[in-house]
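> Please read through the structure below; I'll follow up with questions.
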Amino acid sequence: MDRRLFVSDLARYAALCAVVPNAWRVTSRPHFADDPFSLGVASGDPTATGGVLWTRLAPRPFEPDGGMDGLRVTVDWEVADDDGFTKVVQKGRATAAPELAFSLHIDVKGLQPDRWYFYRFRTGDAVSQVGRFRTAPADGALTPLSFAFASCQHWEQGLFTAYEHMAREPLDLVAHLGDYIYEYAGNSRALRMHHGLEVRTVDDYRRRYAQYKSDPALQAAHRLCPWVVTWDDHEVDNNYAGLNGENGMESIEQMRTRRAAAYQAWWEHQPVRVPRVQSWADLSITRSISWGALARFWVLDTRQFRDDQACGDGTQPRCDEARDPRRGLLGAPQEKWLVDGLGASRSHWQVLANQVMMGPYDAAAGDEVRTSMDQWSGYPVARDRLLTEIAKRAANRTVVLTGDIHSNWVNELRSDFSRPDRPVVAAEFVGTSIASGGNGGDVPAARLDGMKRENPHLRWYENRRGYVTCKVDDKAWHTDYRSVPFVDKPGAPVVTASRWRVEHGRPGITTV
Ligand SMILES: [Fe+2]
């Protein structure tokens, strides 16, 4: 090589280095003009000795890279016995990087069982808000549990006032059953508007999560206690099934790409510990969480592995396709994992963190039957197969938690709904939405009576927004439905709309 050419190449290379920051350099003392912790902090998936601590750096959440300008930075985290952090029990340092949207998942281990802790993050001179989390009780302990569950928080349809009330409840845990975001394009006539078009790429989904995570009430509920999060359809696409999109117009390749983007962004924004997989499109979130010996949560995914909705989806009369015994909602491996797990578990209560309603609902009066093809009633053979196994393995100590349909339902689940003489073996509490569907309204008594006549396993139905709290001990399970009368303006109070009790080992659900 000509020496002069080599020198000029070197000079050109040096000039390039001066303007392009080294993509792999990690900055330990970044300076932020805006708060990098604008999306809050969260914790989740508690064990007896730890849990996952989450945050995502996003000083300007709607700009590319969340306003991080491609910078890799170190973030310090601390866990303390007190909220003043005078007794720090663990600390560490992690790197936030653009390929994972500057999210952090710190899987803390080695803590004491059945204890509350405080945590915070720090990068440069920015310090996050303080979150509170707790460990689960030790294996074998029957320590009582107080938790809430929620779902369906369509940003455009209502304020998250329900979370303001939830954040004041004495809770150990929150379970979120999906529809944490909605994928739709912004609607200029909405109460508050989504940024951008329908989300499809990983950057679109990241911006959508950032918009939802910017809500102060949602952030407060995350700071309160650890969450156990699953997803439903809107984290990807309304009513998708496996690799079938909502309208059946996307190719398999398009749906794999979209699912990969959606699942990655979900992981980046939730305080979860899920198994490692080869590709984001195949992310598995099926897992179980134990609360000592009192309760075991089986976190289900009824979207990724289901067969496509039968008979054209929607609410349909009886149709042969739905009754095909090969059709499933969980997919064979997840169904086997759940059934084997229910058999092997010594836990006092078995809790299914589930998405779509398991109890059938016949929407037609008289002899005609019309049921939802998207719910378990669209997969009746798989539903009855699972309930038969629950009857054998965990009868009258299994509680199914459900979201999805933006209304409150209490269902007594029978071991086989194709045979009305079969016994009640489990309870289902369907919780309403945080915001989806807007204010809601009263259900006339005559309508509820008519619904119960068609559906004798139905105990109650209500159409308000809110969340559900559950107090569980070794003798009984208590459920309170917490409702807000409106979500279209701030300041809604919360009321207990109804209260229910399930006795351990006894069939049926009674009012309190
Ligand atoms: Fe929903």
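> Under the condition of being closer than 14 Å to ARG120 by Cβ and of a type in the set (Val, Ile, Thr), which residue from the range 59-93 is most open to solvent (accessible area, probe 1.4 Å)?
Result: THR86.
> For the structure I just gave you, tell me whether PHE121 is within 16 Å of the ligand (Cβ to nearest atom) and either open to solvent by less than 20 Å² (accessible area, probe 1.4 Å) or aliphatic (A, V, I, L, M) (or both).
no
> In the range 170-181, is there at least one residue being open to solvent by less than 40 Å² (accessible area, probe 1.4 Å), modelled with pLDDT of 95 or more, more than 16 Å from the ligand (Cβ to nearest atom) and of a type in the set (Ser, Thr, Tyr)?
The answer is no; no qualifying residue exists.
> Condition first: buried (at least 16 other Cβ atoms within 10 Å of the Cβ) and within 24 Å of ALA332 (Cβ to Cβ). Now tell me which residues in the range 243-255 satisfy that.
Listed by number, the residues that qualify are LEU243, ASN244, GLY245, MET255.
> Moving to a separate point now. With GLY378, GLY438 as the choices, which residue is within 16 Å of the ligand (Cβ to nearest atom) and among the small types (Gly, Ala, Ser)?
GLY438
> Just checking, does the range 353-372 include any residue being closer than 26 Å to THR143 by Cβ, crowded, with 24+ Cβ neighbours inside 10 Å and more than 16 Å from the ligand (Cβ to nearest atom)?
No, because not a single residue in the range 353-372 is closer than 26 Å to THR143 by Cβ, crowded, with 24+ Cβ neighbours inside 10 Å and more than 16 Å from the ligand (Cβ to nearest atom).
> While we're looking at this one, here's another question. Right, GLY51: open to solvent by less than 10 Å² (accessible area, probe 1.4 Å), modelled with pLDDT of 95 or more and part of a strand (DSSP E or B) or not?
The answer is yes for GLY51.
> State which residue is farthest from the ligand (Cβ to nearest atom) when the search covers only the range 398-409 and only residues that are farther than 19 Å from THR510 by Cα and open to solvent by less than 10 Å² (accessible area, probe 1.4 Å).
The qualifying residue farthest from the ligand (Cβ to nearest atom) is SER407.
> Follow-up question, since we're still on this one. For the structure I just gave you, tell me whether PRO275 is in contact with a strand residue (DSSP E or B) (Cβ under 8 Å, 6 or more places away or on another chain), farther than 20 Å from GLY378 by Cα, part of a loop (DSSP other than H, G, I, E, B) and open to solvent by less than 10 Å² (accessible area, probe 1.4 Å).
Criteria not met by PRO275.
> Give the residue that is modelled with the highest pLDDT, with candidates limited to residues of the range 296-323 that are among the acidic types (Asp, Glu) and open to solvent by less than 40 Å² (accessible area, probe 1.4 Å).
Top of the filtered list is ASP301.
> For the range 481-499, give me the residue count where each residue is within 15 Å of GLN157 (Cα to Cα) and either touching an Asp or Glu at 6+ places or on another chain (Cβ under 7 Å) or among the hydroxyl-bearing types (Ser, Thr, Tyr) (or both).
0
> Taking GLY242 as meeting all but one of (1) without any contact (Cβ under 8 Å) to a residue 12 or more places away in the chain; (2) closer than 29 Å to ALA363 by Cα, write down the number of the exception.
(1)
> Regarding the range 334-349, can at least one residue be identified that is in a loop (DSSP other than H, G, I, E, B) and either within 16 Å of the ligand (Cβ to nearest atom) or crowded, with 23+ Cβ neighbours inside 10 Å (or both)?
no
> What about ALA395, is it surrounded by fewer than 20 Cβ atoms within 10 Å (Cβ to Cβ), away from the ligand (no atom under 16 Å from the Cβ), of a type outside the set (Asp, Glu) and under 30 Å from LEU159 (Cα atoms)?
So ALA395 does not fit the description; no.
> Just to be sure before I move on: is ASP374 out of contact with any helix residue (DSSP H, G or I) (no Cβ under 8 Å at 6 or more places or on another chain), farther than 25 Å from ARG499 by Cα and part of a helix (DSSP H, G or I) in the structure I sent?
no
> Okay, moving on. If we scan the range 344-351, do we find a residue that is more than 19 Å from VAL425 (Cα to Cα), among the aromatic types (Phe, Trp, Tyr) and under 21 Å from the mean Cα position of the chain (by Cα)?
no
> Would you please list the contacts, defined by Cβ atoms under 6 Å and residues six or more apart or on different chains, that run from a residue in the range 217-235 that is acidic (Asp, Glu) to a residue that is within 16 Å of the ligand (Cβ to nearest atom) and open to solvent by 10 Å² or more (accessible area, probe 1.4 Å)?
Pairs that qualify, where the first residue is acidic (Asp, Glu) and the partner is within 16 Å of the ligand (Cβ to nearest atom) and open to solvent by 10 Å² or more (accessible area, probe 1.4 Å), are ASP232/ASP404; ASP233/ASN239.
> While we're looking at this one, here's another question. Would you mind finding the one in GLU412, GLU454 that is under 27 Å from ASP233 (Cα atoms), away from the ligand (no atom under 16 Å from the Cβ) and out of contact with any helix residue (DSSP H, G or I) (no Cβ under 9 Å at 6 or more places or on another chain)?
GLU412
> Still on this structure, I have one more. Answer yes or no as to whether ALA293 is surrounded by 19 or more Cβ atoms within 10 Å (Cβ to Cβ) and of a type in the set (Gly, Ala, Ser).
Yes; evaluated as a whole, the condition is true for this residue.
> Right, next: For the range 418-443, give me each residue that is modelled with pLDDT of 95 or more and open to solvent by 40 Å² or more (accessible area, probe 1.4 Å).
ARG422, PRO423, GLY437, ASN439
> Do we find a residue being aliphatic (A, V, I, L, M), within 16 Å of the ligand (Cβ to nearest atom) and closer than 24 Å to PRO98 by Cα anywhere in the range 184-205?
The answer is yes, given that some residue of the range 184-205 is aliphatic (A, V, I, L, M), within 16 Å of the ligand (Cβ to nearest atom) and closer than 24 Å to PRO98 by Cα.
> Among the residues of the range 210-242, write down those that are assigned to a helix (DSSP H, G or I), under 23 Å from VAL299 (Cβ atoms), away from the ligand (no atom under 16 Å from the Cβ) and open to solvent by less than 10 Å² (accessible area, probe 1.4 Å).
Residues satisfying the conditions are LYS213, ALA221, HIS222.
> So, in the range 470-491, exactly how many residues are within 13 Å of HIS165 (Cα to Cα) and surrounded by 22 or more Cβ atoms within 10 Å (Cβ to Cβ)?
Residues in the range 470-491 being within 13 Å of HIS165 (Cα to Cα) and surrounded by 22 or more Cβ atoms within 10 Å (Cβ to Cβ): 5 in total.
> When ALA126 is evaluated against the numbered criteria (1) surrounded by fewer than 20 Cβ atoms within 10 Å (Cβ to Cβ); (2) aliphatic (A, V, I, L, M); (3) touching a Pro at 6+ places or on another chain (Cβ under 8 Å); (4) closer than 19 Å to TRP266 by Cβ, which criterion, by number, is the only one it fails?
Looking at each condition in turn, ALA126 falls short on (4).
The values are calculated or read from the model by the stated rules, or taken from the named source; none is laboratory data. Small disclaimer: the values here were computed from a predicted structure and weren't measured. Cβ: placed from backbone, ideal geometry, glycine included. Neighbour counts: every protein chain shown. Ligands, DNA and RNA are excluded from the accessible area calculation, which covers all protein heavy atoms including side chains. Shrake-Rupley method; radii C 1.70, N 1.55, O 1.52, S 1.80 Å.
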